[in-house]
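Structure, as structure tokens:
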Amino acid sequence: MKKVLFVGLSVLLFGGILLILRSGKEADRELQMASGSFIEEIRILQKKEGTTLWDLTAKRADFETEDRAILSNVRISLQKSGVVLLADKGTYSITDKSFTTDSAVKADGKDYSITADSVDFEVASGNVRTDGRIKLEGKGFDIEGKGLKAETGKKVEIFDDVKATFHK
């Protein structure tokens, strides 16, 4: 009787330990999937021959993959043109050196400001594109439209529904 009781308790104890270990593994797997890598107060500088070309700062960067991060409270400063781009949220690709956002973006230059619904910005080349609404306000003028393409050193194009107002 003692052997049967001992074997029964051993099987029960062994089964209980396996059950505890198995449920612990599942909890760890769920925890790993729910959490990701992130960096707070991130700053990325692009320099060429000792001169800063652009400076990107964000309050937080949550990494989707090794080379893509979701940024929050983003500020991109282009030293050469003096333009500062601000967005609440966006995605930065480390390999492509590009920034994309589907939320409102504001860019301020020396004599103008631009507001857009969204933007695709190749930080490395300085090229900007959006298919959404855009508004450009400068000294003595306002321009609104849909869609924009701007390449470094070239003219800016607004694609559709352009409305310009000039002030005296």
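The gain in end-to-end length when the Asp96 to Asp120 segment is fully stretched comes to 7.5 nm, 0.36 nm per residue minus the alpha carbon separation. With a Förster radius of 22 Å applied to the beta-carbon distance between Tyr112 and Lys89, the computed FRET efficiency rounds to 0.40.
Over 18 Å between Cα atoms, which of Lys47/Lys80; Lys47/Lys110; Lys135/Lys163; Lys135/Lys155; Lys110/Lys139 qualify? Flagged as over cut-off: Lys47/Lys110. Think of region 34-168 as a dipole: +1 on every Lys or Arg Cβ, -1 on every Asp or Glu Cβ, centred on the Cα centre; then among Ser81, Leu148, Phe121, Ser81 lies furthest on the positive end. For region 121-135, putting each phi into the Karplus relation 6.51 cos²θ - 1.76 cosθ + 1.60 with θ = phi - 60° gives couplings of 10, 7, 4, 4, 9, x, 7, 10, 8, 8, 9, x, 5, 9, 9 Hz, in residue order, rounded to whole numbers and with x for Gly and Pro.
Protection proxy ranking of 113-119, 50-56, by the mean of other Cβ atoms within 10 Å over each peptide's residues and highest first, is 113-119, 50-56.
Throughout, read-outs are computed from the coordinates displayed, never taken from laboratory work. Predicted model, so just to flag it, every value in this text is computed and none were measured. Please note: Cβ atoms are built from the backbone with ideal geometry, for glycine as well, and neighbour counts cover all protein chains shown.
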